[in-house]
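The values are calculated or read from the model by the stated rules, or taken from the named source; none is laboratory data. Computed from a prediction, not measured in an experiment: that's the story for all the values here. Here the Cβ positions follow ideal geometry from the backbone for every residue, glycine too, while neighbour counts run over all protein chains shown. The protein model used for the area step is the full one, side chains on, heavy atoms only, and it has no ligands, DNA or RNA in it. Shrake-Rupley method; radii C 1.70, N 1.55, O 1.52, S 1.80 Å.
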Amino acid sequence: MSYLALPSSSSDRRLPMSKIAAPTARLTGEALRAGYDARPVLDGVDLAVAEGKLTVLLGPNGCGKSTLLKTLARTLTPDGGRVCLDGQDIHRRRTRDVAQRLGILPQGPDAPEGLTVRQLVAMGRFPHQRLWRQDAEGDARAVREAMAYAGVTDFAERSVDALSGGQRQRCWIAMVLAQETGLILLDEPTTFLDLKVQVELLELLVALAHDQGRTLLVVLHDLNLAAAYADELVMMRDGRIERRGTPAEVFTAENLKRVFDLDAHVIDDPRGGGPICVPLQSPLARSRREAQREVSA
């Protein structure tokens, strides 16, 4: 299936011009069970992706975050339960129909060698195109707007593989934006990027939700960045959702211990940016540090 997706209605197609209302969730998973070969991963997961918000999936490695994202995106067929997109079972929809409503950016996507940024972003228009129905002007407009919003216009004619990691990731996000879909799923989009670049990408994703009313579901590993930028956090462990809510509600020392087995203080950002996790040193680490101080003294 294509990585990308677009809306089917004209109102959805012109998202930059108006916000999407946020009533009933368009994308839901009900009693989802899924895995790989004979290894189950998800165990009866229920999730309704909050409309017009940035929702972040958190959890330890192997807990099922990426599996849940793939199942919701229709790239992985569940062994039980169902995924509904706009009120219909996603597996009973045609692939093109799904690709016109839901966009996904997987982990570590690769562009064909020599592809320019403009060509990559234009791939986001594929779900709209038919042999008998072309809209070259509309496609060109969507590509221009997506590149401008993602901040990649200045290197539109450069080869994607000649760019830095952060620049490439912005290009992939621009490709998804060129589809003008209201639903976007991203699997670890900040992995292997410098902290400054991670922050810039997350601010871009927040703007998509808050300024354009898009609905985003993102897998992240960095706890503090997730708490700082997410509207909602979904904490997973062992294939199940353990906690869900705003960062203020669920980003607590008790939940970090329960979900990650992490001993930590949670403090409020003095500038009002949300809760911050400060891991506690183990007794052994503290004793070693104290011994080093004594030697230094």
Separation in nanometres of the label points that stand 7 Å from Cα toward Cβ, at ALA162 and ASP89
5.0 nm
In Å, descending, principal axis extents of the Cα set of segment 96-255
56, 34, 29
Rounded to the angstrom and largest first, Cα extents along the principal axes for segment 153-218 equal 32, 25, 19
Log entry: pair-distance distribution for segment 56-133, C-alpha pairs binned every 10 Å from zero, whole % per bin is 14, 38, 33, 14, 1
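Stretched out fully, how many nm does the piece from GLN107 to ARG130 gain, at 0.36 nm a residue minus the Cα gap?
Working: separation 23, 0.36 × 23 = 8.28 nm, distance 2.84 nm.
Value of the extension gain: 5.4 nm.
Taking every DSSP beta bridge that has both residues in the chain, what percent is antiparallel when rounded to the nearest 5?
Values: 26 of 43 bridges.
Counting only bridges with both partners in the chain, antiparallel ones make up about 60 percent.
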To make sure I understand the rule: partners must be aspartates and glutamates, Cα under 15 Å from the Cα of LYS196, and not fewer than 8 residues away in the same chain. Which ones qualify?
ASP222
Average accessible area per residue (Å²) across segment 176-253 - probe 1.4 Å, nucleic acids and ligands excluded
35 Å²
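As a test of the definition: which semi-axes, in Å, follow for segment 46-89 when you take the square root of five times each eigenvalue of its alpha carbon gyration tensor? Largest first, please. Please report the intermediate quantities before stating the final value.
Numbers: eigenvalues 65, 50, 12 Å².
Semi-axis lengths for segment 46-89 are 18, 16, 8 Å.
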Expressed as a whole percentage, what fraction of the accessible surface of the chain belongs to carbon and sulfur atoms when a 1.4 Å probe is rolled over the protein heavy atoms?
49 percent
Using the crude model of +1 on Lys and Arg Cβ and -1 on Asp and Glu Cβ, and no other charge, please compute the dipole size for segment 37-151 relative to its Cα centre, in debye to 20.
260 debye
Calculating log10 I(q)/I(0) by the Debye sum over Cα atoms at q = 0.09, 0.13, 0.14 Å⁻¹ from this structure picks out, from [x] -0.39, -0.84, -0.99; [y] -0.47, -0.92, -1.05; [z] -0.60, -0.98, -1.06, entry [y]
Using 0.36 nm times the number of residues separating ALA291 and GLU254, minus their current alpha carbon distance, what extension gain do you get?
10.3 nm
Given the candidates VAL143, PHE155, GLY166, the one whose Cα lies deepest towards the positive end of the charge dipole of segment 133-185, counting +1 at each Lys or Arg C-beta and -1 at each Asp or Glu C-beta, is GLY166
Please name which of THR191, ALA207, VAL266 has its Cα lying farthest along the dipole of segment 175-272 towards the positive end, using unit charges on Cβ (Lys, Arg +1; Asp, Glu -1) and the Cα centre as origin.
VAL266
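Among 158-167, 201-210, what's the highest-first ranking by average C-beta atoms within 10 angstrom per residue? Present the calculation step by step, with values, prior to reporting the outcome.
Numbers: 158-167: 15.3, 201-210: 18.3.
Taking the mean over residues of other Cβ atoms within 10 Å, the ranking is 201-210, 158-167.
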At a Förster distance of 30 Å, what's the computed FRET efficiency of THR77 paired with ASP154, Cβ-Cβ distance as r, to 0.05?
0.15
For segment 46-86, build the charge dipole from Cβ charges (+1 Lys, Arg; -1 Asp, Glu) around the Cα centre, then report which of PRO78, GLY64, VAL49 sits farthest towards its positive end.
GLY64
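Averaging sequence separations of C-alpha pairs under 8 Å and six or more residues apart, then dividing by the length of the chain, give the relative contact order as a whole percent.
On the way: 584 pairs, mean separation 72.5, N = 297.
After rounding, I find 24 percent.
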Would you work out the charge dipole size for the chain about its Cα centre, treating the Cβ of every Lys and Arg as +1 and the Cβ of every Asp and Glu as -1, and quote it to the nearest 20 debye?
560 debye
For ARG39 paired with ARG144, estimate the spin-label separation in nm (one decimal), with each label point 7 Å from Cα along the Cα-to-Cβ line.
4.9 nm
